[in-house]
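J.: I have a structure I would like to understand better, so I am pasting it below and will then ask my questions one at a time.
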Amino acid sequence: MRMLVTGGAGFIGANFVHYTARNHPGYEVCVLDALTYAGNRESLAPVADQVRFVHGDICDTTLVDRLVAATDVVVHFAAESHVDNSLLDPEPFIRTNILGTYTILEAVRRHDKRLHHISTDEVFGDLALDAVEKFTERTAYDPSSPYSAAKASSDMLVRAWARSFGVPATLSNCANNYGPYQHVEKFVPRQITNVLVGERPKLYGAGENVREWTHVDDHNEAVHLILTKGRAGESYLIGSGDERSNAQILALVLDLMGEPADAYDHVPDRPGHDLRYSNDSTKIRTELGWQPRYGDFRAGLAATIDWYRHNDWWWKPQKDATEARYQLLGR
Ligand code: NAD
Ligand code: TDX
């Protein structure tokens, strides 16, 4: 199996490449990544001798065409992924998430290749805190931010190319991920690394917003199942079922790191802040037999804290620039 992984130097993509090298050592993996501020080649260092790395842009039609022609399957992670950045400057989100996905789709159409497109539960908008219903594969798209609108657009393109051109594509919409190699701009690593550098963690608004936390390896195991057993043209929602408010997560981080429970700051809320995400993942559980292995969130979070504690060489170079961006946003 030859596999082209876009965005393989990012958080989930790099963990996917590690997972693939561990569990499918016979696969030939090629990573295509533009190494934006979010990409880090060091994340692939442990598997460098098993992976071919191409430094390039998914909007580069000629390059993408050549790489897609030489693969069996494309797993498409590359994206601009951070909501707060999309509020500061939406342009790269439109370019990479929409035009980049279009470029991939045209290449897989020309060469008749299998595509799996990685998406997010944010395309569905949000739920009330007390809502009984969850997102399902049939929930209407209702994105809130430039990030989620651009991801929703990319999903729509994938669906259209599958239906109109018969492109053998699948999609997945996963809930919030946590684990090693996540950029320090994201909620969990930002708070852990703030504690590690002696800064106070930052909670948006009252901290009542709820996310469904899924370990990155559980996400990537689901992606592998979809690649081998998923049905072309279908979408699959992925989520652990473990919902927690931001305030609860922060309390756990502080507790696990031996900090007082009130050792954090409230900062102004994110405009348009989605209240709650919650995925009904019955379809992937029943059709493909997926179930999360990281059932104990506290243990998974403790291991993640441990990883950041022991790998400051990986995240320290990004910390100051990240906090400078947050200063511009007042958060
Ligand atoms: P990330 O920001 O950590 O990594 C994105 C990677 O894409 C980086 O390596 C970056 O260099 C690369 N990239 C960006 N623009 C590119 C371009 N034009 N050409 C080539 N490479 C480019 O993101 P992540 O958190 O790993 O997310 C990966 C995917 O998973 C995204 O599609 C995201 O929407 C989706 N997703 C993320 C989460 C989450 O919790 N992080 C949850 C659900 C879905
Ligand atoms: O410092 C912070 N304080 C805070 O309270 C940060 C960075 C975030 N937050 C809040 C905002 C959210 O309610 O924490 C929650 C999680 O924030 P993010 O890590 O920015 O994630 P989110 O906006 O939920 O989006 C994530 O999950 C879905 C990923 O970044 C997306 O790529 C994915 O699609």
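J.: For Cα pairs less than 8 Å apart in space and 6+ apart in sequence, what is the mean separation divided by the residue count of the chain, i.e. the relative contact order in percent? Working shown, then result.
T.: Values: 614 pairs, mean separation 57.9, N = 331.
18 percent.
J.: What are the ³J(HN,Hα) values, in whole Hz, obtained from phi via the Karplus relation 6.51 cos²θ - 1.76 cosθ + 1.60 with θ = phi - 60°, for each residue of segment 31-41 in sequence order, with x given for Gly and Pro?
T.: Each residue's phi maps through the Karplus curve to give 9, 10, 8, 7, 6, 5, 3, 8, x, 8, 4 Hz.
J.: So what does log10 I(q)/I(0) come out to for segment 208-331 at q = 0.13, 0.17, 0.22 Å⁻¹, using the Debye formula with one equal point on every Cα and no solvent?
T.: For segment 208-331 at q = 0.13, 0.17, 0.22 Å⁻¹, log10 I(q)/I(0) is -0.74, -1.11, -1.31.
J.: Could you grab the relative contact order for segment 144-276? Cα pairs under 8 Å, six or more apart, rounded to a whole percent.
T.: Details: 160 pairs, mean separation 45.3, N = 133.
Relative contact order comes out at 34 percent.
J.: Radius of gyration and Dmax for segment 84-201's Cα atoms, expressed in Å?
T.: Looking at segment 84-201, its Cα Rg and Dmax stand at 16.9, 54 Å.
J.: Evaluate the Kirkwood expression for the hydrodynamic radius of segment 62-126, namely the inverse of the mean inverse distance over all pairs of different C-alpha atoms, and round to one decimal in Å. Provide the component values of the computation, followed by the final result.
T.: Numbers: mean 1/r = 0.0772 Å⁻¹.
It works out to 13.0 Å.
J.: Taking N as the number of residues in segment 1-85, what is its alpha-carbon radius of gyration divided by 2.2 N^0.38 Å?
T.: On the way: Rg = 12.1 Å, N = 85, 2.2 N^0.38 = 11.9 Å.
Its radius of gyration relative to the 2.2 N^0.38 Å reference: 1.02.
J.: Further question: Mind checking the alpha-carbon convex hull of segment 206-254 and giving the volume per residue in Å³?
T.: Numbers: hull volume 3.7 nm³, N = 49.
In segment 206-254, the Cα hull volume divided by residue count equals 75 Å³.
J.: OK, next. Can you give the accessible area per residue of segment 1-74, in Å², using a 1.4 Å probe?
T.: 42 Å²
J.: Let me ask another. Report the normalised scattering of segment 35-92 as log10 I(q)/I(0) at q = 0.26 Å⁻¹, calculated by the Debye formula with identical scatterers on the alpha carbons.
T.: -1.24
J.: Something else about it: For ALA261 and GLN327 in one chain, what is 0.36 nm times their gap in residues minus the Cα-Cα distance, to one decimal in nm? Before the final figure, lay out the partial values.
T.: Values: separation 66, 0.36 × 66 = 23.76 nm, distance 2.42 nm.
Fully extending the segment from ALA261 to GLN327 adds 21.3 nm.
J.: Another question about this same structure. Tabulate in residue order the Karplus-calculated ³J(HN,Hα) for segment 116-126, using 6.51 cos²θ - 1.76 cosθ + 1.60 with θ = phi - 60°, rounded to whole Hz; enter x for Gly and Pro.
T.: 10, 9, 8, 10, 9, 6, 5, 5, 8, x, 9
J.: So, one more: Can you give the accessible area of PHE11 in Å² (nearest 10), computed on protein heavy atoms with a 1.4 Å probe?
T.: Near enough 30 Å² of accessible area.
J.: When you take every Cα atom in the chain, what is the radius of gyration, and what is Dmax, the widest Cα pair distance, in Å?
T.: Answer for the chain, Rg first and Dmax second: 18.9, 58 Å.
J.: Another question, if that's okay. At a threshold of 8 angstrom on Cα-Cα distance, excluding pairs fewer than six apart, so keeping six or more, what relative contact order does segment 142-201 reach in percent?
T.: Numbers: 21 pairs, mean separation 8.6, N = 60.
Normalised by residue count, the contact order of segment 142-201 is 14 percent.
J.: Still on this structure: Average projected area of the Cα convex hull of segment 181-232, in nm²? List each step's numbers first, then the result.
T.: Values: hull surface 21.6 nm².
Mean orientational projected area (segment 181-232, Cα hull): 5.4 nm².
J.: Filter the chain for me: DSSP H helices, axial length by Cα at least 27 angstrom, mean Kyte-Doolittle hydropathy not below -0.5. List them by residue number. Spell out each step's value before the answer.
T.: Working: long enough: 146-165 (28 Å, -0.09).
Within the chain the helices that satisfy the rule are 146-165.
The values are calculated or read from the model by the stated rules, or taken from the named source; none is laboratory data. Please read these numbers as outputs of a predicted model, since none were measured by experiment. Heads up: the accessible areas ignore ligands, DNA and RNA and are worked out on the full protein's heavy atoms, side chains in. Shrake-Rupley method; radii C 1.70, N 1.55, O 1.52, S 1.80 Å.
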